[in-house]
Amino acid sequence: MPMKGRFPIRRTLQYLSQGDVIFKSSVKVMTVNYNTAGELSEGARKFVFFNIPQIQYKNPWVQIMLFRNMTPSPFLRFYLDNGEQVLVDVEDKTNKEITEHIKKILGKSKETLEKEERERKKLSHPATFGPKKYHLRECMCEIEGQVPCPAFVPLPKEMRGKYKAATKNDASA
C-alpha cells in the first residue's frame, strides 16, 4: 500500500493491531461528538484521529458514528444491546485519558481476554479430535500421513487383528 495522505502510519496493520480497547459484547454503537476547533475538543480530535482506527480494527462488530461541530462540549455515547446508553464526557481530556477511561468502563478485562485466548488456542490445537462443532478434526485419519480411515479404505491384511491371529496360529501349529 502506498504511504500517502496524512499520517499513513495509521493505516498499517502493525499500528492498527496495537490498539488495546476491546469492547464487551454488549456494546453495539459508539458515537463521538466533538468540534473541529477549540481547546475543549483537542483531546477528542486526537482520539478520533489516532485511536478510532484502532478501535474499529479491534471491534469490527461495533458501529462507530462521528458527529462534528454539533455540540458545545465533546462527549462519547455508547449504545448497549439492552437499550441502555452510556454517556462519557471527554471535555479537557487527552486522547490517552479517554482511551483508558473507556477501556475501564466498557472494555473487556485482562482476565476475560486471557480466557478467550486460551479457549481459542484450545480449539485450534491440532491434537484434539471430536465433533466439528468443537474441534478442528473429527478423526485421526484426516491428518496427512496417517493411515486412512478403515470406513473408506480397507486396511492392509497385515494390520488387521484377525489376520495376525491366524498367521500366529499357523506359525505355532
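The values are calculated or read from the model by the stated rules, or taken from the named source; none is laboratory data. Note that the structure is a prediction, hence the values are computed from the model and not measured. No Cβ is skipped: glycine too gets one built from the backbone with ideal geometry, and neighbour counts run over all protein chains shown. These accessible areas exclude ligands, DNA and RNA; they are computed on the full protein's heavy atoms, side chains included. Shrake-Rupley method; radii C 1.70, N 1.55, O 1.52, S 1.80 Å.
Numbers for the structure displayed
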| item | result |
| --- | --- |
| Odd one out for V29, checked against (1) in contact with a Ser or Thr (Cβ under 8 Å, 6 or more places away or on another chain); (2) modelled with pLDDT of 95 or more | (1) |
| Conditions (1) open to solvent by 30 Å² or more (accessible area, probe 1.4 Å); (2) over 27 Å from T112 (Cβ atoms); number of the one not met by Q56 | (2) |
| Total residues in the stretch 135-170, condition closer than 30 Å to R118 by Cβ and loosely packed, with under 11 Cβ neighbours inside 10 Å | 3 |
| Whichever residue in the stretch 87-109 is more than 23 Å from the chain's Cα centre (by Cα) and of a type in the set (A, V, I, L, M) and, among such residues, is surrounded by the most Cβ atoms within 10 Å (Cβ to Cβ) | V90 |
| Counted residues, the stretch 26-48 - those being within 19 Å of M65 (Cβ to Cβ) and either basic (K, R) or open to solvent by 40 Å² or more (accessible area, probe 1.4 Å) (or both) | 4 |
| Contacts under 8 angstrom Cβ, first residue in the stretch 112-132 being open to solvent by 70 Å² or more (accessible area, probe 1.4 Å), partner part of a helix (DSSP H, G or I) and modelled with pLDDT of 75 or more, 6 or more apart | F129/M140 |
